[in-house]
1. Which members of segment 185-201 meet the condition of being in a strand (DSSP E or B) and within 13 Å of the ligand (Cβ to nearest atom)?
2. What are the pairs with Cβ atoms under 7 angstrom where one residue, in segment 14-27, is more than 16 Å from Gly248 (Cβ to Cβ) and small (Gly, Ala, Ser) and the other, located anywhere, is within 16 Å of the ligand (Cβ to nearest atom) and not in a loop (DSSP other than H, G, I, E, B)? Sequence gap at least six, or different chains.
3. Identify, please: which residue in segment 202-212 is surrounded by fewer than 20 Cβ atoms within 10 Å (Cβ to Cβ) and not in a strand (DSSP E or B) and is, among those, nearest to the ligand (Cβ to nearest atom)?
4. Any residue in segment 131-154 that is within 16 Å of Asn194 (Cα to Cα) and at pLDDT 95 or above sitting within a Cβ distance under 9 Å of a residue that is of a type in the set (A, V, I, L, M) and more than 14 Å from the ligand (Cβ to nearest atom)? List the pairs, counting only those 6 or more apart or interchain.
5. Here is a list: Leu113, Leu73. Which entry is among the aliphatic types (A, V, I, L, M) and not in a loop (DSSP other than H, G, I, E, B)?
6. Find the residue count for segment 238-270, including only residues that are buried (at least 24 other Cβ atoms within 10 Å of the Cβ), in a helix (DSSP H, G or I) and not hydrophobic (A, V, I, L, M, F, W, C).
7. Please work out which residue is surrounded by the most Cβ atoms within 10 Å (Cβ to Cβ), limiting yourself to segment 289-312 and to residues that are among the hydrophobic types (A, V, I, L, M, F, W, C) and within 25 Å of Asn232 (Cα to Cα).
8. Using beta carbons and a limit of 7 Å, which pairs, at least six apart or on different chains, have the first residue in segment 42-54 and more than 20 Å from Gln88 (Cβ to Cβ) and among the basic types (Lys, Arg) and the second one assigned to a loop (DSSP other than H, G, I, E, B) and within 13 Å of the ligand (Cβ to nearest atom)?
Amino acid sequence: MISTETTLAGYHFDNCFMNAAGVYCYDAAELNQVQASMAGTFVTKSATVMPRSGNPEPRYQPTRLGSINSMGLPNEGLPYYLDYVSQQQKAVPDKTYFQSITGFNIEEDEQLLAQISASDFKGVVELNLSCPNVPGKPQTGYDFEMVERILTRVFTVYHGPLGVKLPPYFDIVHFDQMAAILNQFPLAFVNSVNSIGNGLKIDVATERVVIKTKHGFGGIGGDYIKPTALANVHAFYQRLNPAIQIIGTGGIKSGQDAFEHILCGASMVQVGTALQKEGPIIFERLTRELQTIMAQKGYTKLSDFRGKLQYLD
Ligand code: RRO
């Protein structure tokens, strides 16, 4: 028997595959489809204090090698998702769910966490520090002092399992500096990576950009970002306290991609661009493909190879 089950934040999940925040998680209709699929659980769209309609369309475009998006945080507001998760907790009580949140400042983060504490939410919080698409708002994860300030406040007011969704980093010194900050806190996990911010996709026939907001600049996902995602997963796996687990996100469209993320240290893997393209049925194929690779290598569980990436020296 080859198992793709995993444990994160002390919770058990039958399957290590789940959606990435932003994909198939805007409302109950989408979340129901992930819930009904082979995914081990779901994460909601990043919720803000107030509902948001997001940026004008076009705001998502698949490309040959992945995707570009400038969604601009469209979401139904935190109470909507807390209600939905509460219903699921009652309907399927043996599963644990992820609530993604993002405030526009520390006070809003605190407000969101107070609402979660006051609710019957029993799952895992993913604090998104890396939305690239709100005009005038930089990606928090690139402001190292701000990350430290936010986490200091977050862990003063919130005591449930919580992790952070990070932007990709591109420099060894940045991995060192960010890991040193993260290691000061009782984080349940770090999720690497969000989309690579502010790429540009051009349609040559019309000589135009394909996304409306910010003159076409948007977050890049899919094949383009897998090497960067693997580097971030492994860099944090090498540097973080072992108690801080890693969720691997970025460029997963096959069982082999997931295998690579897990080999780099991921305990759970999230699927964004490929899920958007294929729909939640993708989790069947991904699970089967990962099991096939594990069988070929004689592995029966993720811990047989998780984090065991080999070096050439
Ligand atoms: O909604 C978005 O534009 C968005 C978000 Br919040 C995010 O974290 N990552 C992304 O690629 N798009």
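The values are calculated or read from the model by the stated rules, or taken from the named source; none is laboratory data. Everything numeric here is computed off the predicted structure, so don't read it as measured data. Methodologically, a virtual Cβ is constructed for each residue, glycine included, from the backbone with ideal geometry; neighbour enumeration extends over all protein chains shown.
1. Within segment 185-201, Asn191, Ser192, Ile196, Gly197, Asn198, Gly199 meet the criteria.
2. Listed pairs, sorted by first residue: none to list.
3. Ranking the candidates gives Lys212 first.
4. Pairs found: Thr140/Met146; Thr140/Val147; Thr140/Ile150; Gly141/Val147; Gly141/Met178; Val147/Met178; Val147/Ile181; Val147/Leu182.
5. The conditions single out Leu113.
6. Summing the residues that are buried (at least 24 other Cβ atoms within 10 Å of the Cβ), in a helix (DSSP H, G or I) and not hydrophobic (A, V, I, L, M, F, W, C) in segment 238-270 gives 1.
7. Checked segment 289-312; the qualifying residue surrounded by the most Cβ atoms within 10 Å (Cβ to Cβ) is Leu290.
8. Hits for this filter: Arg52/Leu73; Arg52/Pro74.
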